[in-house]
Amino acid sequence: KMLYKLAKDTEKDGEFKPKKYFSIDRVFRNETLDATHLAEFHQVEGLIADRGLGFAHLKTVISVFFKKIGLEKIKFKPAYNPYTEPSAEIFAFHPILNRWVEIGNSGVFRPEMLGPMGLPSDVSVIAWGLSLERPTMINYNIGNIRDLFGHSVSVKEIRSNAICCFQK
């Protein structure tokens, strides 16, 4: 919706203006609950529209984002997404689980997605969706995602946590 509006604004103004869009919301997926999966989770979604963007820009934006929240051990794995090419899943190393855990997905929008909207042919769009719960697990050494949300959350731990606590 925002890319279509950007294309219409470009047509109206006669010039393309680079844009960045971000959202944070809850997402539902029909998943089996386990140590790293919830049916509902928080997701940061972002996209950047500009001329000359590519996969290297996407990897840099994602790497900088995770470094700022304390995750430096990340890697990218090629993936298939119908709207982006190239596409990559994003993984971070979880020391308690002693394995790489997927924390997001990303890609460069395919030109055949952008053209019909009316965006100039030299405009590229990089996009990503990143979980908030899994990086939180890694950052705080939590071995089970269900310890962050739901009936098994320790109220004692919430009260003693310097970042998130109940007001007395």
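Table for the structure above
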read-out	value
Residue of Gly104, Gly52, Gly14 that the Gaussian network model of the chain assigns the largest fluctuation, springs spanning Cα pairs under 10 Å	Gly14
Estimated inter-spin distance, Arg29 and Leu97, nm [label 7 Å along Cα→Cβ]	1.1
Estimated inter-spin distance, Glu85 and Asp13, nm [label 7 Å along Cα→Cβ]	3.1
Sulfur and carbon atoms: percent of accessible area, region 36-146 [1.4 Å]	55
Kirkwood-Stokes translational diffusion coefficient of region 64-109, alpha-carbon pairs, 37 °C, 0.692 mPa s, µm²/s	291
Point-charge dipole on Cβ atoms (K/R +1, D/E -1) for region 43-145, about Cα centre, debye to 20	380
Accessible area (Å², per residue) of the chain, counting only protein heavy atoms and a probe of 1.4 Å	62
Residue-level accessible surface for Leu71, protein heavy atoms, 1.4 Å, Å²	10
Computed Kirkwood radius, in angstrom, where 1/r is averaged over Cα pairs of region 1-81	15.7
Stretch gain in nm, segment Lys5-His151, where the contour uses 0.36 nm per residue and the Cα spacing is subtracted	48.4 nm
Selected from Ile90, Ile158, Ile126 as most flexible by GNM, with the chain as the system and alpha-carbon contacts under 10 Å	Ile158
CD proxy at 222 nm, helix term only [per DSSP H run n ≥ 4: -39500 (n - 2.57); per residue of the chain; nearest 500]	-7000 deg cm²/dmol
Average Cα contact separation per residue, the chain, under 8 Å, 6 or more apart, as relative contact order %	23
When region 70-168 is reduced to its Cα atoms, the Kirkwood hydrodynamic radius in Å	16.1
Intensity falloff of the chain expressed as log10 I(q)/I(0), Debye formula with alpha-carbon point scatterers, at q = 0.15 Å⁻¹	-0.89
Residue with peak Gaussian network fluctuation, the chain [Cα springs, cutoff 10 Å], from Tyr80, Tyr21, Tyr140	Tyr140
Amide H partners (placed H, <5 Å) of Leu53, local residues excluded	Ser124
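The values are calculated or read from the model by the stated rules, or taken from the named source; none is laboratory data. Since we're looking at a predicted model, the values are computed, not measured. Please note: Cβ atoms are built from the backbone with ideal geometry, for glycine as well, and neighbour counts cover all protein chains shown. Side chains are part of the model used for accessible areas, which takes the heavy atoms of the whole protein and leaves out ligands, DNA and RNA. Shrake-Rupley method; radii C 1.70, N 1.55, O 1.52, S 1.80 Å.
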